[in-house]
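Chemist: Mind looking over this structure? Questions follow.
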Amino acid sequence: MSPSYAWADLIVNLVLVLVAGVVPTVLVLLNAEDPLIPLLIIGAIVLVLLVNSLFAFRRVRAIGYILREDDLLFRRGIMFERIVAVPYGRLQLVDVTRGPLLRALGLATLKFVTASAATGVQLPGLRVDEAEALRDRLVALAETRRSGL
């Protein structure tokens, strides 16, 4: 994953802090007679989101993948690690998506669709050229390894 993806993750978290903290705070202060309890709740939400933002760079470093002989192995998570092996023959769709923030950073997300609904795998934060090359390679591998489809 590109280290730039950590900045995208951080920006999204900080926008959540603004939305979850500033907007409700203004509304509470304008409409409440005793704003102490709502302000404490809003403060707790903002604190949780700020701590979440501090882990942005570590969270991105915890995302990884490796192409093995018969499958793609994908890993993500800090406390609750998830490791998924996707056999090439089960890949039905490999999609490159880019939202406005990722586009501005020159990044993309590679998404895989298989027959199983539980195998929703996304590789976020790849450089665009790397994502497109990986997509083409995975499609070629999937074509050679189709298993009864």
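Chemist: For the chain, what does the helix formula give at 222 nm: sum of -39500 (n - 2.57) over DSSP H segments with n ≥ 4, over the residue count, nearest 500 deg cm²/dmol? The partial results should precede the final answer.
Modeler: Values: 6 runs with 71 residues, N = 149.
Mean residue ellipticity, 222 nm, calculated: -14500 deg cm²/dmol.
Chemist: Once you've got the GNM for the chain with C-alpha springs shorter than 10 Å, pick whichever of D34, D70, D129 has the biggest mean-square fluctuation.
Modeler: Top of the fluctuation ranking is D34.
Chemist: Quote the charge dipole size of the chain about the Cα centre in Debye, to the nearest 20; the model charges only the Cβ of Lys and Arg (+1) and of Asp and Glu (-1).
Modeler: In total the dipole reaches around 380 debye.
Chemist: Here is a further query. Using the C-alpha gyration tensor of the chain, what are the square roots of 5 times its eigenvalues, in whole angstrom, with the largest one first?
Modeler: Equivalent ellipsoid semi-axes, largest first: 40, 16, 14 Å.
Chemist: Within the chain, which is the longest segment that contains none of the GluC sites (Glu not before Pro) sitting in a DSSP loop with at most 10 other Cβ atoms within 10 Å?
Modeler: Counting only loop sites that pass the neighbour cut-off, the longest clear stretch is 82-149.
Chemist: Given a 10 angstrom Cα cut-off, can you work out which residue in T109, T25, T97 is the most mobile in a GNM of the chain?
Modeler: T25
Chemist: For the chain, build the charge dipole from Cβ charges (+1 Lys, Arg; -1 Asp, Glu) around the Cα centre, then report which of L141, V17, I41 sits farthest towards its positive end.
Modeler: The Cα lying farthest towards the positive end belongs to L141.
Chemist: Moving to a separate point now. In Å², what does the accessible area per residue of the chain work out to with a 1.4 Å probe?
Modeler: Values: 9140 Å² over 149 residues.
Result: 61 Å² per residue.
Chemist: Using 0.36 nm per residue, how much length does the chain from L67 to F80 gain when fully extended, once their Cα-Cα distance is taken away?
Modeler: Full extension of this stretch gives 2.5 nm more.
Chemist: Please give, to one decimal in nm, the separation of the simple spin-label points placed at V28 and F57, each 7 Å out from Cα toward the Cβ.
Modeler: 3.1
Chemist: Heavy atoms of the protein only, probe of 1.4 Å, neighbouring chains included. What is the accessible area of Y5 in Å², nearest 10?
Modeler: Per-residue accessible area (Y5): approximately 40 Å².
Chemist: Now, a different point. In the chain, which whole DSSP H runs stretch at least 15 Å along their own axis (Cα) and average 1.6 or higher on the Kyte-Doolittle scale? Please list the in-between numbers first.
Modeler: Values: long enough: 4-17 (20 Å, 1.58); 36-54 (27 Å, 2.77); 128-144 (24 Å, -0.01).
Counting only whole DSSP H runs, the qualifying helices are 36-54.
Chemist: Rounded, prolate or oblate: pick one for segment 30-104, where a ≥ b ≥ c are the square roots of the eigenvalues of its C-alpha gyration tensor, a/c under 1.5 means rounded, and failing that, prolate if a/b is larger than b/c, else oblate. Write out the running numbers ahead of the final one.
Modeler: On the way: a/c = 3.40, a/b = 2.53, b/c = 1.35.
Cα axes put segment 30-104 in the prolate bin.
Chemist: Probe radius 1.4 Å, ligands and nucleic acids ignored: give me the carbon and sulfur share of the accessible area of segment 29-149 as a rounded percent.
Modeler: On segment 29-149, the fraction of accessible area on carbon and sulfur atoms equals 60 percent.
The values are calculated or read from the model by the stated rules, or taken from the named source; none is laboratory data. Owing to the predicted nature of the structure, the values given are computational and were not obtained by experimental measurement. For neighbour counting, all protein chains shown are included, and Cβ atoms are generated from backbone atoms with ideal geometry for every residue, glycine included. Remember, those area values only see protein heavy atoms, side chains included, never the ligands or the DNA or RNA. Shrake-Rupley method; radii C 1.70, N 1.55, O 1.52, S 1.80 Å.
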